[in-house]
Amino acid sequence: MPQDKVAQEDIQRRTAIDRSARFPVLFFITSAAAWLAVAVILGFVQQMKLHSPAFLDAPSLFFLNYGRSNPAFMSALVYGWAIQAGIGVVIWLMARLCRAEVKNPITLIVAGHFWNLGVLIGVLGILTGHGTSIEWLAFPKAVWPILCGAFSLIVIWLITMFHRRQDKEVYISVWYILGACFWFPWIFITANLFIHIFPGSAVAKAATNAWFMGSMIYLVLVPIGLACAYYLIPKIIGRPVHSAQLGYYGFWGLAVFGGWTGIQKFMGGPLPAWMPAVSGAAVIFILIPVFIIVVNQLKTVRGNQSAVNSSPALRFTLAGISFFIIYCVFSALSSFLAIGKFTQISLTSMGTQILVVYGFFSMTIFGAIYFMVPRLTGTEWPNLKRINSHFILSIYAMGTLLIMHYFGGVWQSGAYGKFDAPLENAVSAGKPYAIGASVAWAFIVLANLNFFLNLISILLRSGRREIVSKFVGHQESSG
């Protein structure tokens, strides 16, 4: 068969796949974007409350006190934005990599409605005082079965697509996607069972919660983010991954060590000493697969600086990988007691969570969205300046947050350690850094305003109908 004819058939096949995935993928992305708007507003409010408790202190706004706005913010960010945006991207990636059209999209949309219903009930429950005050599991107890059922429908659908794939080669991105799809129900159900259904002591609950957060990061958010990176970087540059073998080593490294993390935050606490020690060792050992992943990505990108400069999707993806490296190195250093004692109960703890959820995961997801939405809508992004503003403001905001939370946390922890001094001294020590973090949150709000406006514009088809390469990257090859 002539090469031109094969290429034309491949283009037609990709177009048919994108057309079949359009409605469920755009549903999850737009729903996630709406929750991101809620999350960044709550994030700004809870940050302001840290240094100005009287901010929005009207009697009618009692539900925005720090004790409610903070867990509502993180829950909306993780479940409303991160997981849901990840689902939307994963559906498209699986369809592309399996070379299979989306069948029965109604199932996905129904599952998405139930997911959004669960998140809505959960966030409102937290704001009205019915939350559990457990990090990343603050939703009222009745919510988690709804989320679990909705995600199960999506996982079943993805497994069905995997089984009817036309391309029998299993790409590394598919490995990461399937891993996240199986790991999330396992850790989510386990954590909720041992915290809500079969509760033990308060110490056991705290340990389970810490394990859940660590596993959510390394076994759910990181695999989805890396699946995006392993697809987008070779696709935009126009050449295969440097080494598929290294990709598999990185995957299995995360699989082996990821489930042991989280509990290191309680070193020196009321737990058996071996638990935080093993968890801390796992966080250190996880630097091995991280090093493998980074080397693989850098060798793939090497010599293609022009593609990085011309592709917004690639810039977001590489920025996300950079934040991922910073997060993993800082987590490993914090596993040593000499450093961890300054990061356990201070501003640093929240800064670390924002670094991985927004700095790493969200940046890679933004890259995927900027790459795939034009292909789903047949319309290019209407405003490249907004994309550049989104990127620059996000980088500036994350850099500022890193400095404010980490240096502020160390300074604050030092004040906490002075047992003969009043607690107010520690609060005062962290106040300047909390103010600086509020400025960074204002930039995050502005950055995402550019994202929202661009997304609304392209969904309303205000861009040109043809897709220009500088907006979406290199011309596509097969896959």
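Below, the figures for the structure above:
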| item | result |
| --- | --- |
| Dipole of the range 17-472, positive end: most advanced residue of ALA282, LEU459, LEU147 [Cβ charges, Cα centre] | LEU459 |
| Rounded to whole Hz, the Karplus (6.51, -1.76, 1.60) HN-Hα couplings of the range 366-376, x for glycine and proline | 4, x, 5, 5, 5, 7, 8, 4, x, 6, 7 |
| 5 angstrom amide H check on THR128, placed H, neighbours 5+ away | none |
| In sequence order, calculated HN-Hα J values of the range 214-228 (Karplus, 6.51, -1.76, 1.60; Hz; x Gly/Pro) | x, 5, 4, 6, 7, 10, 10, 5, 5, x, 5, x, 6, 4, 4 |
| Along principal axes, Cα extents of the range 154-215, largest first, whole Å | 50, 20, 10 |
| Estimated D of the range 5-64 in µm² per second, where Rh is the Kirkwood radius over Cα pairs and Stokes-Einstein applies at 25 °C, 0.890 mPa s | 161 |
| Residue exposure sequence - LEU402, LEU36 - by fewest surrounding Cβ within 10 Å | LEU402, LEU36 |
| Principal-axis tilt of helix 144-163 within the chain, Cα atoms, nearest 10 degrees | 30 |
| Neighbour cut-off at most 11 other Cβ (10 Å), DSSP loop, chymotrypsin sites (Phe, Trp or Tyr not before Pro), the range 296-375 | none |
| Low-density loop cleavage sites - trypsin sites (Lys or Arg not before Pro) in the range 158-191, where at most 14 other Cβ are within 10 Å (DSSP) | ARG164, LYS168 |
| Proxy reagent accessibility, fewest Cβ within 10 Å first, across TYR66, TYR218 | TYR66, TYR218 |
| Footprinting exposure proxy for HIS51, HIS390, HIS405 (fewest neighbouring C-beta atoms within 10 Å first) | HIS51, HIS390, HIS405 |
| Separation between Cα centres of the range 308-324 and the range 233-254, rounded to whole Å | 16 |
| With Cα atoms, 0 to 90° folded angle of helix 274-285 axis to the chain main axis | 40 |
| Compactness of the range 17-472 - radius of gyration and Dmax, Cα, Å | 21.3, 69 |
| Phi-based couplings in Hz for the range 47-59 (Karplus 6.51, -1.76, 1.60; Gly and Pro marked x) | 5, 4, 5, 5, 10, 9, x, 7, 5, 6, 9, 5, x |
| Helix axis angle, 244-257 relative to the chain longest principal axis, alpha carbon, degrees | 30 |
| Highest to lowest packing among 173-180, 299-306, 54-61, scored as the average C-beta count within 10 Å | 173-180, 299-306, 54-61 |
| Volume of the Cα convex hull of the range 82-127, divided per residue and given in Å³ | 52 |
| Residue-averaged 222 nm ellipticity for the chain, from DSSP H runs of 4+ at -39500 (n - 2.57), nearest 500 | -24000 deg cm²/dmol |
| For the range 213-227 versus the range 351-397, the gap between their alpha-carbon centres in whole angstrom | 18 |
| For VAL102, residues with placed amide H under 5 Å, excluding near neighbours | SER20, ALA21 |
| Under 27 Å from LYS205, Cα to Cα: lysines that are on another chain or at least 8 residues apart | LYS141, LYS265, LYS341 |
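We did not get these values from a lab; they are worked out from the coordinates using the rules stated. Since this is a predicted model, take the numbers as computed values, not measurements. Ideal geometry is used to build each Cβ from the backbone, glycine not excepted, and the neighbour counts take in all protein chains shown.
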